[in-house]
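> Got a structure for you, written out below as C-alpha cells; questions coming shortly.
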Amino acid sequence: MSKAALGILAFVALAAFCFIPAGVDAEGQITTDDGDVLKVSASGTFSIVYNLSDEDKDKEISYSAKVVNKSGETQSNAVSPSTGSLEDGEAKKLTVTAPSKAGKYTLEVEFTIGDEDAEDKKTETDKYDFKAVNPITLKLNLKADEVTLDLQDFGVYFYIDGEKMEDSYTTVSLASDGTGSVSYDWVADPEGNEHSFHVSAVGGSTLINGLDEEHKFYLHDTDYTWVIVIAALLVVILIIIAIWVYRKPIKNYGKPKSRR
C-alpha cells in the first residue's frame, strides 16, 4: 500500500474520531433483581443510575419516578422515594409497590441534568415494564406412613415444571395423626396452560405420602358460569313467550261482507 493511501486512511480515521458527538456515554438505567413480575400489592426493589457525559460532569442530577398503567394513568403511592437527587454513576434504590389490580404497568423515571431553573437543563426518561399478577396458590396434603414417626418441622421445597423454587422453602408440622399440608404462592406469568409441580423434602423422605409425586395443574380453566346463567335465562324467556302465544285468545272478526 502506498504512503499516499496510508495517509488518506489515517486522515479518515482521525476525522471519524473527531466527529464522535460529545456525551454519547451519558445514559440513565433502571434495573431490578426482583424480576419483571410482582405480586399484586407487593413491593420490589429497583435501582436507578445515571452516568454523566464529560461535558456535564459538573452538573447536578435529579429524578422523578412514577408508575403508570396501560392508559398512562399514574398510580398513587407506587414509588418511594419518588423524587430526589443522584450522584454521577452511583445507583439509588427505589421501592416500587405493585397496584392491587393485576395488569401491565411501567416504571417511568425522568432524569434532569442541571438546575431545574436553568435554560440549558436536559431531561431524559427511561422506562421499565413489569406485570402485577395474582399469585397461583399450590397446596399439597401430606400423610405419614406411621403416626408415631417424629417428623416435626422438616423442610420442603416446591418444584414447578422441574425447576426448584428457591423462595418456596417451608417447614411442615404433622399432626398427631400424621397428617399435614404445605402451600406455596407462585408469583409468575408463565406461558402455556398446563403445568406440573411436586414437593420434595430437603433431606429426602420415603415415609411421607405425597412427597415427590407429580401433580398437574391448569392456569386458565374456562369458567362457564355466566354462559350457563344466560342460557338458562333465554330458556325461561322462550318458555314464557311460548305459553303467552299458546294462551292468547283468537279473535273472530266474522265473515267479511261480500261486495255488491
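> Just to verify a result, which residue in the range 101-136, among those that are within 12 Å of the chain's Cα centre (by Cα) and of a type in the set (Gly, Ala, Ser), is nearest to Tyr159 (Cα to Cα)?
Residue satisfying both the conditions and the ranking: Ala132.
> With of a type in the set (Phe, Trp, Tyr), over 29 Å from Thr32 (Cα atoms) and either outside the structural domain of Lys66 (by TED's automatic domain parsing) or in contact with an Asp or Glu (Cβ under 9 Å, 6 or more places away or on another chain) (or both) as the only criterion, which of Phe130, Phe154 stands out?
Only one candidate passes the filter, namely Phe154.
> So, restricting to strands (runs of 3 or more DSSP E) that lie completely within the range 113-191, which ones have at least 1 residues that are modelled with pLDDT under 95 and closer than 30 Å to Val49 by Cα?
Where strands (runs of 3 or more DSSP E) fall fully within the range 113-191 and carry at least 1 residues being modelled with pLDDT under 95 and closer than 30 Å to Val49 by Cα, they are 122-133.
> Turning to a different aspect of this structure: How many of the residues making up the range 98-117 are surrounded by 18 or more Cβ atoms within 10 Å (Cβ to Cβ) and closer than 24 Å to Asp185 by Cα?
Total satisfying the criteria: 2.
> Follow-up question, since we're still on this one. Does the range 15-27 contain at least one residue that is modelled with pLDDT of 95 or more, closer than 17 Å to Lys127 by Cβ and not assigned by TED's automatic domain parsing to the domain that holds Met165?
The answer is no, given that none of the residues of the range 15-27 is modelled with pLDDT of 95 or more, closer than 17 Å to Lys127 by Cβ and not assigned by TED's automatic domain parsing to the domain that holds Met165.
> Using the structure shown, decide if Glu90 is more than 11 Å from Glu60 (Cβ to Cβ) and free of Cβ contacts under 8 Å to residues at least 12 places away in the same chain.
no
> Within the range 48-83, track down each residue that is under 24 Å from the mean Cα position of the chain (by Cα) and part of a loop (DSSP other than H, G, I, E, B).
Lys70, Ser71, Gly72, Glu73, Gln75, Ser76, Asn77, Ala78, Pro81, Ser82
> Just to be sure, is Asp88 modelled with pLDDT of 95 or more, in a loop (DSSP other than H, G, I, E, B) and more than 25 Å from the chain's Cα centre (by Cα)?
So Asp88 passes the test.
> Return the pair list, or none, for Cβ contacts closer than 6 Å from residues in the range 225-248 that are at pLDDT 85 or above and among the basic types (Lys, Arg) to residues that are surrounded by 10 or more Cβ atoms within 10 Å (Cβ to Cβ) and part of a helix (DSSP H, G or I), at least 6 apart or on different chains.
Pairs that qualify, where the first residue is at pLDDT 85 or above and among the basic types (Lys, Arg) and the partner is surrounded by 10 or more Cβ atoms within 10 Å (Cβ to Cβ) and part of a helix (DSSP H, G or I): there are none.
> Is one or more of the residues making up the range 118-131 surrounded by fewer than 17 Cβ atoms within 10 Å (Cβ to Cβ), free of Cβ contacts under 8 Å to residues at least 40 places away in the same chain and touching a Gly at 6+ places or on another chain (Cβ under 7 Å)?
For the range 118-131, residues surrounded by fewer than 17 Cβ atoms within 10 Å (Cβ to Cβ), free of Cβ contacts under 8 Å to residues at least 40 places away in the same chain and touching a Gly at 6+ places or on another chain (Cβ under 7 Å): present.
> What are the residues in the range 170-187 that are touching a residue at least 40 places away in the same chain (Cβ under 8 Å) and acidic (Asp, Glu), if any?
Correct list: Asp185 only.
> Kindly indicate the residue of the range 64-92 that is under 20 Å from Asp33 (Cα atoms) and of a type in the set (S, T, N, Q) and also surrounded by the fewest Cβ atoms within 10 Å (Cβ to Cβ) among those meeting that condition.
In this case the residue turns out to be Ser80.
The values are calculated or read from the model by the stated rules, or taken from the named source; none is laboratory data. In this text the structure is predicted, and so the values were computed from the model without any measurement. Here the Cβ is made from the backbone with ideal geometry for all residues, glycine too, and neighbour counts use every protein chain on show.
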